[in-house]
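Presented below is the structure to which this report refers.
The values are calculated or read from the model by the stated rules, or taken from the named source; none is laboratory data. Just so we're clear, the structure is a prediction, and the values are computed from it rather than from any experiment. Virtual Cβ from ideal backbone geometry, glycine too; neighbours counted across all protein chains shown. Protein only, heavy atoms only, side chains kept; ligands, DNA and RNA dropped before computing areas. Shrake-Rupley method; radii C 1.70, N 1.55, O 1.52, S 1.80 Å.
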Amino acid sequence: MTGDAPLSRPPMGTLAFWCWAAAFTGVVYLAGRWVTNDYVFFAGYIVLQYVLLATAWNILGGYAGYVNFGTAAFFAIGAYISTALNKWLGLPLPVLILAGAAVCGLIGLLMGGLTLKLQGVFFSIATLALAIVTQALITNWEYVGGAAGAYVIRPSRGPLGGSYVEYLFYTMLLLATLAVCIARTVERSAAGYGLAAIRDDEAAAEAAGVPTMKLKVATTVLSGALMGAAGAPLPFFVTYLDPPSAFNLAVAVNTIAMPLVGGTATWIGPVIGAVLLSIVQEAAMVTISSAVNLLLVGLIMIGFITLAPNGIMGLLRGRRR
Amino acid sequence: MAALLDVQGLGKRFGGFTALADIDLQVAAGERLGLIGPNGSGKSTFVNCISGTLRHDSGRVTLGGQLLDALPPHQRTRLGLARSFQLPRPFGSLTVAENLRVPLLYAGATKLSDAECRERGMALLGQVGLADKAAQRPRELTQIEQRKLELARAMAAGPRLLIADESMAGLSNAEVDEIVDLLLRLNGQGVTIIMIEHIMRAVMAFSQRLVCFVAGRKVADGLPEEVVRNPEVERAYLGE
Ligand SMILES: Nc1ncnc2c1ncn2[C@@H]1O[C@H](COP(=O)(O)OP(=O)(O)OP(=O)(O)O)[C@@H](O)[C@H]1O
Ligand SMILES: [Mg+2]
């Protein structure tokens, strides 16, 4: 969909890409079994969580041009659904993730149905409102600790052997890879062309036969579900979940900054942005302090918006021309 | 013969301004209709109303007997009503070929394969003389080329009724002839066409029937030679 396809060699087929992604996951998994230092898994989890969030955001924000400021809401709902179900029934993590994704997909459906008739900036404002409303609701949900938060017991061992953090890392690896594969598949399917048409000119897209409303709602459901899945393992990762950590400003800002820095037109942009920005932040946290993180992200984002509005991928493509 | 497009009592207001008042228009299947009128007489508003880009305030529109009034634009396109926009509205981030791919993927009755899409897209681009621009972005095209792309994109929807809104503005004489020929050929394949145009040479060469709007009203409807001699039409044009 990047347009240079007719000139360059044919792009990799969807099936081939899924196979490569599976192979990549397998290799990381095998390599991970040699790692004994849990810090690697902690740091890796954060990077992968951002790959997942940035990719999920970009399916709607990058492909369709609908900017969602409500990432934190979906992410936090995923985390709290998982906390609640864990407390109530003690379900295994994969089931909690599916539940978080399902609930967030449903919320995406409701929000999409209600707000996607609004175009552009009004949609964005509505998503911001959603974040505020959910935070208020969850802060008053006593079963999961309300404003005080709740402790979640993290098992010491994961079901695959190794520490539970290692298990969380592999889980996030799988989710992130899956999300990237889904994003790339969407991008190259009819839906990808329909979303690009919506982003460029919605009335012209309708005139060309694109069912814009249906496509936007479906995309919001998919994007929301992936964000919910990203939040579901969080309680076990942090072991103490309260509204400020679930509705973290850093999550909301990073999820938008990462695709912008990497480039929003294709699947690879959010991946590059997420890896780069989370490494920069991790490095800053270790070497300077955790307080400069968001400042750094803000500065990088401003830099890209003014100097390279199409992100790193835009810069690379520009050079090739 | 039953009309393909049947418009009855169509009315559209913008605030207090009446852009269209009580328009009746029937277009038969296979017909070539010219629609003329001075600037601001409501021609594009008419197109926007029947294609669903704007909601009309009164009246009813049917295509092939099916009521369109409550349908969103994309469903009207799928029923076979395609239009070009007067000011080209290309998909800026897609290439010229990909611009056609969107209606090819979405508007057709049958699902096309990748190869079929590419083939049909290239054939259409060839017909409007843009074959060598397939890989370029719309912004790299001239105004005139963008008009051709706009027309090709409407054709890619595979319409029963095609409405070309000033597709020829700014084109050279030779290019006008080319587009007229193209539309005639398309009509020969069975596509009903409404041509909105200020270039009278093209309208007269193309149309079997001519309709004239003045200030949101239909003032003439008949054989082209008669309509251009209609006093109300003459007055509207001379008064400009
Ligand atoms: N969205 C709108 N809001 C308000 N007024 C509008 C709108 N669209 C069109 N108009 C007005 O309606 C009238 C008819 O406009 P329209 O574009 O249909 O004319 P036209 O016959 O296509 O003219 P032209 O030959 O210049 O293309 C004009 O006075 C125009 O200013
Ligand atoms: Mg007009």
- request: Take every residue in peptide B:95-101, count the Cβ atoms of other chains within 10 Å of its Cβ, and give the average of those counts.
  value: 5
query: Based on the alpha-carbon gyration tensor of region B:89-158, what equivalent-ellipsoid semi-axes (square roots of 5 times the eigenvalues) come out, in whole Å, largest first?
result: 19, 11, 11
message: If you take every residue apart from B:LEU63 with its C-beta less than 14 Å away from the C-beta of B:LEU63, what net charge results, scoring Lys and Arg +1 and Asp and Glu -1?
response: +2
- request: Taking all pairs of distinct Cα atoms, average 1/r, flip it, and tell me the Kirkwood hydrodynamic radius of region B:27-90 in Å to one decimal place.
  value: 12.9
- prompt: Based only on the alpha carbon positions, what is the Kirkwood hydrodynamic radius of chain B, in angstrom?
  reply: 18.2
statement: the protein assembly as shown -> Rg/Rh from Cα coords, Kirkwood Rh, value 1.07
query: Could you give the alpha-carbon Rg of region A:173-321 over 2.2 N^0.38 Å, rounded to two decimals?
result: 1.18
query: When Lys and Arg each count +1 and Asp and Glu each count -1, what net charge do the other residues less than 13 Å away from B:ALA205, Cβ to Cβ, add up to?
result: -3
- prompt: If all Cα-Cα distances of chain A are sorted into 10 Å bins from 0 onward, what percent lands in each bin, rounded to whole numbers?
  reply: 6, 26, 36, 24, 8, 1
FRET efficiency, 1/(1 + (r/R0)^6) with R0 60 Å, evaluated for A:ALA148 and B:ALA2 via beta carbons: 0.25
- line: Interchain or sequence-distant (5+) residues whose placed amide H lies within less than 5 Å of the amide H of A:SER163 are A:GLY158
statement: Counting only residues 5 or more apart in sequence or on a different chain, those whose built amide H sits under 5 Å from that of B:ILE163 are B:ALA82, B:ARG83, B:SER84, B:ILE194
field: Accessible area in square angstrom per residue, chain A, 1.4 angstrom probe
entry: 44
field: Gain in span if fully extended, A:ASN37 to A:LYS117, counting 0.36 nm per residue against the direct Cα distance
entry: 23.8 nm
task: Given the options B:THR53, B:THR45, B:THR110, state which has the largest fluctuation in a GNM of chain B using a 10 Å cut-off (strictly under) for Cα springs.
output: B:THR110
- prompt: Once phi is turned into θ = phi - 60°, what whole-Hz ³J(HN,Hα) does the Karplus curve with 6.51, -1.76 and 1.60 give for every residue of region A:107-114, x standing for Gly and Pro?
  reply: 5, x, 5, 5, 4, x, x, 7
message: If you consider only alpha-carbon coordinates, what radius of gyration and Dmax does region A:57-179 have, in Å?
response: 16.3, 49
query: Relative to the first principal axis of the alpha-carbon coordinates of chain A, what is the inclination of helix A:292-307, with its axis defined by its Cα atoms, in degrees from 0 to 90 and to the nearest 10?
result: 0
- request: Looking at the protein assembly as shown, send over the antiparallel percent of its DSSP beta bridges, to the nearest 5.
  value: 60
query: Which cross-chain or sequence-distant (5 or more) residues have an amide H under 5 Å from the amide H of B:ASP69, H modelled 1.01 Å from N in plane?
result: B:VAL61
query: Where is the GNM fluctuation largest for chain A (alpha-carbon springs, 10 angstrom cutoff): A:ALA148, A:ALA291, A:ALA99?
result: A:ALA291
Environment charge at B:ASN48 (Cβ cut-off 11 Å; Lys +1, Arg +1, Asp -1, Glu -1): +3
query: Under 29 Å from the Cα of B:LYS111, which lysines turn up, not counting those fewer than eight places away in the same chain?
result: A:LYS117, A:LYS214, A:LYS216, B:LYS133, B:LYS148
